[in-house]
Amino acid sequence: MTTEAVIPDHVPAERVVRFDFRNDERIRQDPYGYIASLKDAPDIFFSPDLGGYWIVRPSEAIEEVFTDHERFTATSLAIPKRDDTVVLIPNNFDPPRHTAYRKAMANNLFSPRALATIHPDTRDFTLQLFDEFEPGRCEFVSEFAYKLPIDIFLKLMGADLALRDQCLSWIKGIFRGRNLEETNKGFTEAYAWVTDWLTEQLADPEKNRGAMFQALVRMKVDGKKPEFDDLRSMTLMLFSGGLDTITSQMTHIMRFLAESPSHRQYLLDHPERIPVALEEMLRRFGISFIGRAAAKDQVFHGVTMKEGDVVCAGTPIAGLDADRWDNPLEVDFERAGRRRVKHLGFGAGPHLCIGAYLARTQLTVMLEELLPRMPNLRIAEGATIENQAGATMMLKSLPLEWDVTG
Ligand code: HEM
């Protein structure tokens, strides 16, 4: 349920507009249509929902919120604000503290060595999952979009693939929680599991063959081996940042392609253009509502904010900014010619998504492998498609059908 806050004194009445990205009926029925309709709201407005928070609309100003840590601190990321007992490294740190961890993670966990087998692994898992579908049909969310990112993550960490269902229930708790209690429960359970799992692996790291886990054990931050608490925080960060996000992204992209034969045909005719086309879909179907807290009392684009105010940088809002994009709701694979569109789907600045390569790989391979195997792809007749809101937007279910030939 939404928690309505008292409007603080520094918020002028003309800037109050309700926007509840977790519970509003319109987010459930037509999320992107609803977000596009915000064009009539003030550039920066305050919603009393979700504990009370600022929503920034222009894509350039959203980029500033992502980038300018002196004004907007990442020590508070959740909306509604949570007393974060669990610190996520590196996301919860501001520079300069952030910088050393980010560098160490990029150079180790996301190095070419750690991700050396990511392409063949993703292709293998994708084909295995396709083979498990009934001929000509699947429920895409539960049978593919949830499974692929978890399988890849478990493989990279050298964890047992049988843990997939267990992981799924924690992720659902963390990301789909309808209130603070549910998200806290998801975090607490995932935290307990990561603690036990990591303790066990570190007792005998030689046994674990996961490339990303091995990189975690090898890594040094500012020349020193991280303490257990830091290793746990980074693992939890990968777990919470790298799974539900890809799943969410996959659901919106596949729904769109199932409903648009011409875009599908374009990708089938030009598979080499999939990486460029993907960027346009990442713009059009942003999924994340990221929080920051105002780091000090300030005036931001003419709006008075007080230290501690919650500020939302929404990637779906940035992607549909009509002042930035012509016909923002339209998917135009050649919007930027043959170049990739520059969107904020992975954020911007110091916290720009560190897993973007992993995400792009999974999304690209999904399109390359699934589309040619799904002729005449369509949404099953009579299916009701609903968005499930949360920190990221994901479709609840997506029953797909295609023709079976031969
Ligand atoms: C389509 C999939 C994905 C999307 C849309 C996405 C989106 C984002 C966004 C918007 C941010 C910026 C957060 C901020 O500014 O506070 C971010 C950061 C981050 N993402 Fe992703 N992400 C995706 C996949 C992944 C994957 C696969 C991983 C890792 C396995 C990952 C790990 C992270 C981490 C660790 C950060 C924090 C980086 C830092 O603070 O320096 N993400 N992501």
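The values are calculated or read from the model by the stated rules, or taken from the named source; none is laboratory data. Remember, predicted model here, so these are calculated numbers, not experimental data. Every residue, glycine as well, gets a Cβ built from its backbone with ideal geometry; the counts of neighbours run over all protein chains shown.
Points to keep in mind about this one:
- All positions within the range 6-20 that are part of a loop (DSSP other than H, G, I, E, B), among the hydrophobic types (A, V, I, L, M, F, W, C) and out of contact with any Ser or Thr (no Cβ under 9 Å at 6 or more places or on another chain): 6, 7
- Residue that is more than 27 Å from residue 106 (Cα to Cα) and of a type in the set (Gly, Ala, Ser), where the choices are 203, 258: 258
- Filtering the range 130-145 to residues that are among the hydrophobic types (A, V, I, L, M, F, W, C) and without any contact (Cβ under 8 Å) to a residue 12 or more places away in the chain leaves only 133.
- Filter result for residue 59 (in contact with a Lys or Arg (Cβ under 6 Å, 6 or more places away or on another chain) and crowded, with 19+ Cβ neighbours inside 10 Å): yes
- Check on residue 324, more than 11 Å from the ligand (Cβ to nearest atom), in a loop (DSSP other than H, G, I, E, B) and under 30 Å from residue 117 (Cβ atoms): no
- Some residue of the range 61-74 being modelled with pLDDT under 95 and of a type outside the set (Lys, Arg): no
Every residue, every condition in (1) within 16 Å of the ligand (Cβ to nearest atom); (2) of a type in the set (Gly, Ala, Ser); (3) not in a strand (DSSP E or B), yes or no:
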residue: 286; (1), (2), (3): yes, yes, yes
residue: 331; (1), (2), (3): no, no, yes
residue: 335; (1), (2), (3): no, no, yes
residue: 338; (1), (2), (3): no, no, yes
residue: 343; (1), (2), (3): yes, no, yes
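- Boolean, residue 365 is more than 30 Å from residue 116 (Cβ to Cβ), at pLDDT 95 or above and surrounded by 14 or more Cβ atoms within 10 Å (Cβ to Cβ): no
- Residue that is among the polar types (S, T, N, Q), in a helix (DSSP H, G or I) and either over 23 Å from residue 82 (Cα atoms) or more than 16 Å from the ligand (Cβ to nearest atom) (or both), where the choices are 384, 304, 361: 361
- Looking only at the range 387-406, and only at residues there that are more than 10 Å from the ligand (Cβ to nearest atom) and of a type in the set (Ser, Thr, Tyr), the one that is surrounded by the fewest Cβ atoms within 10 Å (Cβ to Cβ): 405
- Unmet criterion (only one of (1) at pLDDT 95 or above; (2) of a type in the set (Ser, Thr, Tyr); (3) buried (at least 16 other Cβ atoms within 10 Å of the Cβ)) for residue 260: (3)
- Some residue of the range 105-117 being closer than 30 Å to residue 403 by Cβ, within 16 Å of the ligand (Cβ to nearest atom) and at pLDDT 95 or above: no
- Condition check for residue 243: surrounded by 15 or more Cβ atoms within 10 Å (Cβ to Cβ), aliphatic (A, V, I, L, M) and within 24 Å of residue 347 (Cα to Cα): yes
- Candidates 126, 195, 199, filtered to the one that is within 23 Å of the chain's Cα centre (by Cα) and of a type in the set (S, T, N, Q): 126
- Residues in the range 289-301 that are more than 16 Å from the ligand (Cβ to nearest atom), in contact (Cβ under 8 Å) with a residue 60 or more places away in the chain and either farther than 23 Å from residue 344 by Cα or assigned to a loop (DSSP other than H, G, I, E, B) (or both): 3 in all.
- Helices (runs of 4 or more DSSP H) completely within the range 24-101 that count 3 or more residues being within 15 Å of the ligand (Cβ to nearest atom) and closer than 21 Å to residue 296 by Cα: 59-67
- Within the range 368-386, the set of residues being buried (at least 22 other Cβ atoms within 10 Å of the Cβ) and under 25 Å from the mean Cα position of the chain (by Cα) comprises just one member, 370.
- Failed criterion for residue 312 (all others in (1) surrounded by 19 or more Cβ atoms within 10 Å (Cβ to Cβ); (2) free of Cβ contacts under 8 Å to residues at least 60 places away in the same chain; (3) not aliphatic (A, V, I, L, M) hold): (2)
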